[in-house]
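Visitor: Let me begin by handing over the structure; questions about it come next.
The values are calculated or read from the model by the stated rules, or taken from the named source; none is laboratory data. These numbers come from a predicted model, not from an experiment. No Cβ is skipped: glycine too gets one built from the backbone with ideal geometry, and neighbour counts run over all protein chains shown.
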Amino acid sequence: MRLFVAVELPQAMREALAETSALLRASVRGRYVAPDSFHVTLAFLGEVSATRIDAAVAALEAGCRGFTCFKVSFGALGSFGKRTSATLWQGFEDAGDLPELATRVREELRGEGFDFDEKSFKPHVTLMRKADVSSGLLPAPVIADGTVSTVTLFRSDLSGSRPVYEPVHAVLLEDVG
């Protein structure tokens, strides 16, 4: 099964992202991410055997241990890749503990023997894929802030018309001791 670890965002932040996405539709062509799929990926594991789920859960729990809820706030739009086929995202003005949390979760996953995408962590939420941003004309994003409280191991199902993310195990930061 295809797995990744991500921070879930509070409802108000997901609504702000949906507003930004709606603004983008007037000027940018591409594949939009569905609002119910907005998240911040900490580690993408790819294909993982079902027999390794318990180890992934253990790594997630250990990586989150000692973290409490923390505040984050959105910042500017950005993109990865070619300007005619980019991944368009919204970044963070204040990423709070996201970088440290990503580092800890990745260390624990590595310690459990998991391979994952080793790209350096850049806190962001993907809004579009295969976006044509060559005009350089992007609207100002809707800015919001909120409190991060949940880190989840997700299963990614790509068999339908759009990706579906199913929670496998969630850690509530305020409950981690």
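Visitor: Step by step: first the residues of the range 49-59, then only those that are of a type outside the set (K, R) and surrounded by fewer than 20 Cβ atoms within 10 Å (Cβ to Cβ), then the one that is nearest to T152 (Cα to Cα). Which residue is that? Working first, answer last.
Guide: First, pick out the residues of the range 49-59 that are of a type outside the set (K, R): 49-51, 53-59.
Remaining after also requiring surrounded by fewer than 20 Cβ atoms within 10 Å (Cβ to Cβ): 49-51, 53-55, 57-58.
Details: S49: 18, A50: 16, T51: 18, I53: 13, D54: 14, A55: 14, V57: 9, A58: 12 Å.
Out of the qualifying residues, it is V57.
The rows are residues; the columns are (1) among the β-branched types (V, I, T); (2) out of contact with any Asp or Glu (no Cβ under 6 Å at 6 or more places or on another chain); (3) more than 25 Å from R14 (Cα to Cα).
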position: C69; (1), (2), (3): no, no, no
position: S73; (1), (2), (3): no, no, no
position: L88; (1), (2), (3): no, yes, no
position: G91; (1), (2), (3): no, yes, no
position: A95; (1), (2), (3): no, yes, no
position: E100; (1), (2), (3): no, yes, no
position: R110; (1), (2), (3): no, yes, yes
position: D115; (1), (2), (3): no, yes, yes
position: T126; (1), (2), (3): yes, yes, no
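Visitor: Now a separate question. What is the residue count in the range 80-96 for residues that are more than 14 Å from the chain's Cα centre (by Cα), buried (at least 18 other Cβ atoms within 10 Å of the Cβ) and on the phi < 0 side of the Ramachandran plot?
Guide: Just the residues of the range 80-96 that are more than 14 Å from the chain's Cα centre (by Cα), to begin with: 80-86, 93-94, 96.
Keeping just the survivors that are buried (at least 18 other Cβ atoms within 10 Å of the Cβ) gives 86, 96.
Checking the rest, the ones that are also on the phi < 0 side of the Ramachandran plot come to 86.
Total satisfying the criteria: 1.
Visitor: Report whether or not G136 is at pLDDT below 95 and within 15 Å of the chain's Cα centre (by Cα).
Guide: Here the answer is no, as G136 does not meet what is asked.
Visitor: Then there's this: Before we move on, is A62 in contact with a helix residue (DSSP H, G or I) (Cβ under 8 Å, 6 or more places away or on another chain), surrounded by fewer than 19 Cβ atoms within 10 Å (Cβ to Cβ) and modelled with pLDDT of 95 or more? Steps first, please.
Guide: Values: in contact with a helix residue (DSSP H, G or I) (Cβ under 8 Å, 6 or more places away or on another chain): yes; surrounded by fewer than 19 Cβ atoms within 10 Å (Cβ to Cβ): yes; modelled with pLDDT of 95 or more: yes.
Against the criterion (in contact with a helix residue (DSSP H, G or I) (Cβ under 8 Å, 6 or more places away or on another chain), surrounded by fewer than 19 Cβ atoms within 10 Å (Cβ to Cβ) and modelled with pLDDT of 95 or more), A62 qualifies.
Visitor: Follow-up. Could you list, in sequence order, the residues of the range 6-29 that are in a loop (DSSP other than H, G, I, E, B) and farther than 28 Å from D117 by Cβ? Show your work before the answer.
Guide: To start, the set of residues in the range 6-29 that are in a loop (DSSP other than H, G, I, E, B) comprises 9-10, 25-29.
Correct list: R25, A26, S27.
Visitor: Can I ask one more? Would you check if there is a residue in the range 50-73 being under 13 Å from the mean Cα position of the chain (by Cα) and polar (S, T, N, Q)?
Guide: No, because not a single residue in the range 50-73 is under 13 Å from the mean Cα position of the chain (by Cα) and polar (S, T, N, Q).
Visitor: Another question about this same structure. Can you tell me which residues in the range 45-99 are polar (S, T, N, Q), over 30 Å from L23 (Cα atoms) and part of a loop (DSSP other than H, G, I, E, B)?
Guide: Taking the range 45-99 first, the residues polar (S, T, N, Q) are 49, 51, 68, 73, 79, 84-85, 87, 90.
This time we only want the ones that are over 30 Å from L23 (Cα atoms), so: 49, 51, 68.
Hits for the range 45-99 are S49, T68.
Visitor: Just the residues that are among the aliphatic types (A, V, I, L, M), touching a residue at least 24 places away in the same chain (Cβ under 8 Å) and surrounded by fewer than 20 Cβ atoms within 10 Å (Cβ to Cβ), please, taken from the range 15-47. Before the answer, list the steps.
Guide: Initial filter on the range 15-47 (among the aliphatic types (A, V, I, L, M)): 16-18, 22-24, 26, 28, 33-34, 40, 42-43, 45.
Now narrow it down to the ones that are touching a residue at least 24 places away in the same chain (Cβ under 8 Å): 16-17, 23-24, 26, 28, 33-34, 40, 42-43, 45.
Passing the criteria: L23, A26, A34.
Visitor: Still on this structure, please answer the following. Filter the range 30-42 for residues that are assigned to a strand (DSSP E or B), under 30 Å from G63 (Cα atoms) and of a type outside the set (S, T, N, Q) and give the result. Break it down stepwise before answering.
Guide: From the range 30-42, those assigned to a strand (DSSP E or B) are 31-32, 40-42; that's our starting set.
Okay, now just the ones that are also under 30 Å from G63 (Cα atoms), so 40-42.
Those that are assigned to a strand (DSSP E or B), under 30 Å from G63 (Cα atoms) and of a type outside the set (S, T, N, Q): V40, L42.
Visitor: Can you name the condition, by its number, that R129 falls short on among (1) closer than 18 Å to H39 by Cβ; (2) modelled with pLDDT of 95 or more; (3) not small (G, A, S)?
Guide: Failed condition: (2).
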